[in-house]
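*Asks:* Dropping a structure here in structure tokens format, bear with me for questions.
Read the figures in this text as sums done on the coordinates, not as results from a lab. This one's a predicted model, so the numbers in the text were calculated from it and none came from an experiment. Cβ atoms come from the backbone with ideal geometry, glycine included; neighbour counts cover every protein chain shown.
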Amino acid sequence: MIERPEYLEELKNFKDKDLIKVVTGIRRCGKSTLFELFINYLKSIGIKEEQIIHINLEDAEYDFPSYKELYNYIINFIKDKNKKYYVFLDEVQSVDKFQKAVDSLYIKKNVDVYITGSNAYLLSGELATLLSGRYIEIKMLPLSFKEYVSAFDNNNYQQLFLDYMKNGGMPGNISILKSNYNDIDKYLDGIFSTIVYKDIMAKNNITDKILLESILKFIFDSIGSPISTKKISDTLSSKGKLTSNHTVENYITAFLESFLIYKAERFDVKGKNLLVRDYKYYAVDTGLRSYLLGKKSDSDMGHILENIVYLELLRRGYKVYVGKVDDLEVDFVAENRDGLKYYQVALSVRDNAVLERELKSLQKTKDHYPKILLTLDMDLETDYEGITKINVVDWLLHK
């Protein structure tokens, strides 16, 4: 079992707090494993087995027609008002009107509630209204490179990183890489099919799987490039797959809600405001991208690297935007309570012309916030008049 220390610390910090702990993220990214790790921690500090109630609602063993049956089942285990009980519900959206059961458990003073879900819809609509101000969301992603490396007895980080760029960080990949590398696509196909059928098509009453895959392939093939719904619909229509801007927009919303993709808005660095068109999109996992695009996926290593940096910034708790400075672009503007950081990402800047181009947009920001240039170049960390160049592998490993 791969340790997920950052996420585990979050759960520890919120233990016994008067909040519902909601762990969201794409299917198979490790949410259930995180619960196992946390349950092991609870046992290690003296919490008894009978005080822990863990239910995976995708397991056929637990078939609850409605929230009432789920609630009544759990209440049968809560027998001592003087003891604290810890309730873990995996894939809670599987139960109709689950939010009512969750809220009923939450209001009991001796119950600490933890839930997971594989769709952003979990925290919209009725649940958001019912639980307003009473939950904390922990947004989970596939393995970071640092977590990925921890699974191998290999300190050839550069080679591991090339593998990570292609295969991604879905936790189930690890055992396959150690046994039969050729089975990775079968594993990723299983994840992709489950997401498409359960989280997208069934929930949104979508019947055209071919159109769905065509739109997603377009987005996966365009990571790191600004695109619009019109551009997608025009391109597909020109290839004989007639569709409208509205349809494309609906599909993109479904992809975002199922955590298959993430959207980066554009940020005007000088005006310090968001711009409202031509967003960039990034894949939740480069391995899923490789699976869906096939050999074509290897054609743009620069944008794959950019995708990995984007996800890592999300893991580190930043809001991440694409920066605009006059007619130039900063790959990422990362914002948290401490302010901003600017990131430029390039495979290599050994060519002076490339280095000059990558530095130019950072230089144009003309403010005091940190400016970082991330590359795969192996030379030592360098400073260019306040802009720090760092090897991206070292940065990902927190070196």
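*Asks:* Using alpha carbon coordinates only, what is the Rg to Rh ratio of the stretch 184-320, with Rh defined as the Kirkwood radius?
*Replies:* Dividing the radius of gyration by the Kirkwood radius yields 0.96.
*Asks:* Related question: Considering the options 119, 105, 65, tell which one lies farthest towards the positive end of the dipole of the stretch 5-139, charges being +1 on Lys and Arg and -1 on Asp and Glu at the Cβ, about the Cα centre.
*Replies:* Result: 105.
*Asks:* Here's something else I'd like to know. Kindly express, to the nearest 10 degrees and within the range 0 to 90, the angle between helix 245-257's C-alpha long axis and the longest C-alpha principal axis of the chain.
*Replies:* Value to nearest ten degrees: 60.
*Asks:* Under the classification rounded if a/c is under 1.5, otherwise prolate if a/b is larger than b/c and oblate if not, where does the stretch 282-331 fall, given a ≥ b ≥ c as square roots of the Cα gyration tensor eigenvalues?
*Replies:* Here the stretch 282-331 falls in the oblate category.
*Asks:* Further question: What do you get when you divide the Cα radius of gyration of the stretch 59-203 by 2.2 N^0.38 Å, with N the number of residues? Mind showing how you got there, number by number?
*Replies:* Numbers: Rg = 19.4 Å, N = 145, 2.2 N^0.38 = 14.6 Å.
That ratio works out to 1.33.
*Asks:* Using label points projected 7 Å from each Cα along Cα→Cβ, tell me how many nm separate residue 301 and residue 69, to one decimal.
*Replies:* 5.4
*Asks:* Here is a further query. For the stretch 303-354, report the translational diffusion coefficient in µm²/s to the nearest whole number, using Stokes-Einstein at 20 °C, 1.002 mPa s, and a Kirkwood Rh over Cα pairs.
*Replies:* Values: Rh = 11.9 Å.
Approximately 180 µm²/s, per Stokes-Einstein.
*Asks:* Still on this structure, I have one more. Can you figure out the FRET efficiency of residue 162 with residue 18, using R₀ = 41 Å and their beta-carbon distance, to the nearest 0.05? Kindly include the intermediate steps, with their values, before the conclusion.
*Replies:* Numbers: r = 46 Å, r/R0 = 1.12.
FRET efficiency, residue 162 to residue 18: 0.35.
*Asks:* Tell me, in nm to one decimal, what length is gained between residue 394 and residue 201 on full extension, where the rule is 0.36 nm per residue of separation less the Cα-Cα distance?
*Replies:* Answer, rounded to one decimal: 65.5 nm.
*Asks:* What ³J(HN,Hα) values, in whole Hz, does the Karplus curve 6.51 cos²θ - 1.76 cosθ + 1.60 give for the stretch 282-288 when θ = phi - 60°, with x put for Gly and Pro?
*Replies:* Each residue's phi maps through the Karplus curve to give 10, 6, 5, 7, 5, x, 4 Hz.
*Asks:* What does the convex hull of the Cα atoms of the stretch 316-399 come to per residue, in Å³, rounded to a whole number?
*Replies:* Once divided by residue count, the hull of the stretch 316-399 is 96 Å³.
*Asks:* Another question about this same structure. Name the shape class, rounded, prolate or oblate, that the alpha-carbon gyration tensor gives for the stretch 1-85, where a ≥ b ≥ c are the square roots of its eigenvalues, rounded holds for a/c under 1.5, and otherwise prolate holds if a/b is larger than b/c and oblate otherwise.
*Replies:* Here the stretch 1-85 falls in the oblate category.
*Asks:* Roughly what % antiparallel, to the nearest 5, for the DSSP beta bridges in the chain?
*Replies:* 40
*Asks:* Return the tail of the calculated pair distribution for the stretch 116-262, meaning the percent of Cα-Cα pairs more than 27 Å apart.
*Replies:* Counting pairs separated by more than 27 Å, the tail of P(r) holds 38 percent.
*Asks:* Specify the longest stretch of the chain that does not include any exposed loop site, a site being one of the chymotrypsin sites (Phe, Trp or Tyr not before Pro) with a non-H, G, I, E, B DSSP assignment and at most 15 other Cβ atoms within 10 Å.
*Replies:* With a cap of 15 other Cβ atoms within 10 Å, the longest stretch comes to 153-399.
*Asks:* Oh, and also: What distance in nm separates the simple spin-label points at residue 273 and residue 380, each placed 7 Å from Cα in the Cβ direction?
*Replies:* 4.6
*Asks:* Between the helical axis of 301-315 and the dominant principal axis of the chain, each derived from Cα atoms, what acute angle in degrees is found, rounded to the nearest 10?
*Replies:* The angle comes out near 40 degrees.
*Asks:* Per-residue HN-Hα couplings for the stretch 100-117, Karplus 6.51 cos²θ - 1.76 cosθ + 1.60 at θ = phi - 60°, whole Hz, x for Gly and Pro?
*Replies:* So the J values, rounded to whole Hz, are 6, 5, 4, 5, 5, 6, 4, 6, 7, 5, 9, 10, 10, 10, 10, 9, 10, x.
*Asks:* I want to make sure I understand the PRE zone here: with the label point 7 angstrom from the Cα of residue 327 toward its beta carbon, which residues in the stretch 259-289 have backbone N atoms less than 20 Å away?
*Replies:* 267-271, 278
*Asks:* Sticking with this structure for a sec: Using the C-alpha gyration tensor of the stretch 6-142, what are the square roots of 5 times its eigenvalues, in whole angstrom, with the largest one first?
*Replies:* Working: eigenvalues 77, 68, 45 Å².
Largest first, the stretch 6-142 gives 20, 18, 15 Å.
*Asks:* In deg cm²/dmol, rounded to 500, what helix-only [θ] at 222 nm does the chain give when every DSSP H run of at least 4 residues adds -39500 (n - 2.57) and the total is split over its residues?
*Replies:* -11500 deg cm²/dmol
*Asks:* With N set to the number of residues, divide the alpha-carbon radius of gyration of the stretch 114-191 by 2.2 N^0.38 Å and report two decimals.
*Replies:* Here the Cα radius of gyration is 1.49 times the empirical estimate.
*Asks:* Compare 90, 326, 112 in a GNM of the chain, Cα atoms joined below 10 Å, and give the one with the largest fluctuation.
*Replies:* 326
*Asks:* What's the long-distance tail for the stretch 153-210, i.e. % of Cα pairs beyond 16 Å?
*Replies:* So the portion of pairs separated by more than 16 Å is 55 percent.
*Asks:* Pull up all non-local amide H partners of residue 330: gap of 5 or more, or a different chain, and H-to-H distance under 5 Å with H placed in the peptide plane.
*Replies:* Long-range HN contacts for residue 330: 323, 324, 325.
*Asks:* Whole percent per 5 Å bin, from 0 to the bin with the longest distance: what is P(r) over all C-alpha pairs of the stretch 145-396?
*Replies:* All Cα pairs, binned at 5 Å, distribute as 1, 6, 13, 16, 18, 16, 13, 10, 6, 2, 0, 0 percent.
*Asks:* Taking only Cα atoms, what is the 0 to 90° angle, nearest 10, from helix 229-238's long axis to the longest principal axis of the chain?
*Replies:* 80
*Asks:* Amide H of residue 373 versus every other amide H placed in the peptide plane: which residues, excluding those fewer than 5 positions away on the same chain, fall under 5 Å?
*Replies:* Sorted by chain and number, the residues that satisfy this are 344, 388, 389, 390.
*Asks:* Among 245, 154, 204, determine the one that fluctuates most according to a GNM of the chain built with springs between C-alpha atoms less than 10 Å apart.
*Replies:* Among 245, 154, 204, the largest mean-square fluctuation in the Gaussian network model of the chain belongs to 154.
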